Amino acid sequence: MTAPVRLGVLGCADIARRRMLPAAVRSPDVEVVAVAGRDPARADETARAHGCRAYHGYPELLADPDVEAVYVPLPAALHERWNEAALAAGKHVLAEKPVTTAPERTAALYALARRRRLVLWENVMFVHHPQHEAVRALVRDGAIGDLRSLRAEFTVPRRPAGDIRLRPDLGGGCLWDTGVYPVRAALHFLGPHLEVVGAWLSRGPGDAVDTGGAALLRDTGGRTAQLAFGLDHGYRSVYELCGSRGRVVLDHAFTPAADHRPVVRLETPDGRREITLDAHDQVEATLAAFAQGVRHGHADPGPVVRQAELLHEVNTRARHGT
């Protein structure tokens, strides 16, 4: 049996404590050996809860020879610095999305990982859930005819004042947080040859970051992707693929609970059909995929770099409003 990847965690962020660490403790593919935090009490508490040792600073964890790989769940503005530091320390990296907020820097970090024979893996978890392969199979088999367009939406309710998602100094804003998901969905189903036709970013009164956005993309064949994302909305996590003779719709597309049984809705002139799938834990699936990448020395940078380029294009092309 292959030994688990020995994992350290840089930071005690909510996503690490609530989702990744519990899944990592359950996983046979990784072993959590250390947690680092700037707040000693929080680091100690997190380490005790998950049976590992605590460090009271990120460099100390990176210097630990027993740590084989690190998970970086820090705010977006800190991703580049600590992803690069981890690679420089000889660690494989599971990086919370986005790897960086600039496409050229994302590409540079992948080049660094390749030179050092390390794996840099962006933590976009939804692509590891088999519900999306079920949708792909329907499209591939012609269930909706020729694919014409995609519509994807990911919005979440407003966070409390002071949350990192609402702070510009920490790389906050809806584009880097919720916008990643519909952009990645467009790449997942329409491929890499997409361009931004138009975009809109908006913020509410008193907000220092954009809290709502939309974008229209198209590919070289004329297929379109209509995307919406936000941080001050009712919860929506859905995409729809429309073809020449029908459509397929998936709710709970991006952040389903581990016990959620997906329902794929297929609508054609022949009627409406619902296909219920087995529940699947996409967090554990992501950890398994990362561990396999580490063991085989492989991580495909293509989707991540193209995603970074499209996010940058949305940001630079967008009209802004309130």
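The values are calculated or read from the model by the stated rules, or taken from the named source; none is laboratory data. Everything numeric in this text was worked out from a predicted model, so none of it was measured. Cβ placement follows ideal geometry from the backbone for every residue including glycine, while neighbour counts extend to all protein chains displayed. Calculation scope for accessible area: heavy atoms of the full protein, side chains included, ligands and nucleic acids excluded. Shrake-Rupley method; radii C 1.70, N 1.55, O 1.52, S 1.80 Å.
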Selection status of Gly293, surrounded by 13 or more Cβ atoms within 10 Å (Cβ to Cβ) and under 17 Å from Asn123 (Cα atoms): yes
Residue in the stretch 45-56 that is of a type in the set (D, E, K, R) and out of contact with any strand residue (DSSP E or B) (no Cβ under 9 Å at 6 or more places or on another chain) present: no
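Quick check on this structure: which one of Arg245, Arg272 is part of a strand (DSSP E or B) and closer than 19 Å to Ile144 by Cβ?
Arg272
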Total residues in the stretch 112-152, condition open to solvent by 30 Å² or more (accessible area, probe 1.4 Å), out of contact with any helix residue (DSSP H, G or I) (no Cβ under 7 Å at 6 or more places or on another chain) and part of a loop (DSSP other than H, G, I, E, B): 5
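Conditions (1) of a type in the set (A, V, I, L, M, F, W, C); (2) open to solvent by less than 60 Å² (accessible area, probe 1.4 Å); (3) in a helix (DSSP H, G or I), marked per residue:
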| site | (1), (2), (3) |
| --- | --- |
| Arg158 | no, no, no |
| Ala161 | yes, no, no |
| Phe189 | yes, yes, yes |
| Asp210 | no, yes, no |
| Leu216 | yes, no, no |
| Gly221 | no, no, no |
Condition check for Val197: more than 21 Å from Arg236 (Cα to Cα) and among the β-branched types (Val, Ile, Thr): yes
Helices (runs of 4 or more DSSP H) completely within the stretch 1-79 that count 1 or more residues being under 30 Å from Pro103 (Cβ atoms): 21-26, 58-62
Unmet criterion (only one of (1) in a loop (DSSP other than H, G, I, E, B); (2) open to solvent by 10 Å² or more (accessible area, probe 1.4 Å)) for Phe254: (2)
